[in-house]
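The block underneath contains the structure these notes are about, expressed in structure tokens.
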Amino acid sequence: MTTEELIQWVISVLMPAASGLGGVALGGRLTARQERRKEKREAYADILRALSDSYVASQAVAVISESNQTGTALYLEHLEKAVAAQQRASQTMAVALVVLPAGAVAVLHTFEREWQDAPGGTTGEIAKARLAVVDRTTDALLKVARKDLN
């Protein structure tokens with residue numbers, strides 16, 4: 001076998017192998033990107049759902065408080081639902097912090113701080129303040145999500 005034949009043989013063996021390896025690497029990279037995007041989309045959806053649940057629960061507490069029904073079974077039931085909704089939101093956000101970019105993480109940290117520091121004297125006033133916090137957070141998170149997912 002001459003040097004020229006050897007070179008042709010090596011090229012004929014290595015070229016298809018290199019092409020196949022390159023295709024596998026590219027395919028793996030694209031698949032990983034798609035999976036990462038899917039994880040982010042699911043995280044945003046979970047957070048928005050949790051924020052919506054917190055909003056609805058806080059709204060019920062605010063309405064019941066305004067009607068001077070605090071201390072009733074209905075009030076306590078909705079207050080319990082509001083606490084549970086916020087716990088689910090906190091758990092969802094904790095998981096999402098791993099997947100989402102810095103902009104979304106900043107929005108979620110701001111939400112947690114504002115939720116805890118919501119002004120007001122009565123439970124109803126605090127619930128109303130928290131409704132505004134949820135509204136601001138939802139708007140800010142949607143902006144970040146649109147930028148992140150497009």
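Taking the centroid of alpha carbons for each part, the range 107-150 and the range 32-57 are 15 Å apart. Equivalent ellipsoid of the chain: semi-axes from √(5λ) of the C-alpha gyration tensor, largest first, are 57, 13, 9 Å.
In the chain, Cα pairs under 8 Å separated by at least six residues give a relative contact order of 29 percent. Our coupling estimate for the range 82-97, obtained by passing each phi through the Karplus curve with A = 6.51, B = -1.76, C = 1.60 and θ = phi - 60°, is 5, 5, 5, 4, 5, 5, 4, 4, 5, 5, 4, 5, 4, 5, 5, 4 Hz, Gly and Pro reported as x.
Take the Cα of THR2, step 7 Å toward its Cβ, do the same at ASP117, and the gap between the two points is 8.3 nm.
Only one residue of ALA84, ALA132, GLY20 has its Cα farthest out toward the positive end of the dipole of the chain, where Lys and Arg carry +1 and Asp and Glu -1 on Cβ, and that residue is GLY20. Calculated mean residue ellipticity at 222 nm for the chain: -32500 deg cm²/dmol, from DSSP H runs with n ≥ 4 weighted as -39500 (n - 2.57), summed, divided by the residue count and rounded to 500.
The order of the peptides 82-92, 139-149 by mean Cβ neighbours within 10 Å, most packed first, is 82-92, 139-149. Nothing charged except the Cβ atoms of Lys and Arg (+1) and of Asp and Glu (-1): what's the magnitude of the dipole of the chain about its Cα centre? Round to the nearest 20 debye. About 240 debye. Between MET15 and LYS38, what is the FRET efficiency for a Förster distance of 35 Å, r being their Cβ-Cβ separation, to the nearest 0.05? Between MET15 and LYS38 the formula returns 0.50.
So which lysines pass the test for LYS128, namely a Cα distance under 20 Å, with those fewer than 8 places away in the same chain ruled out? The reachable lysines, counting only those whose Cα sits under 20 Å from LYS128, are LYS81.
Bear in mind these aren't lab numbers, they're just calculated from the coordinates by the rules spelled out. No experiment lies behind these values; they were computed from the predicted model shown. Using ideal geometry, Cβ is built from the backbone for each residue, glycine included, and neighbour counts are taken over all protein chains shown.
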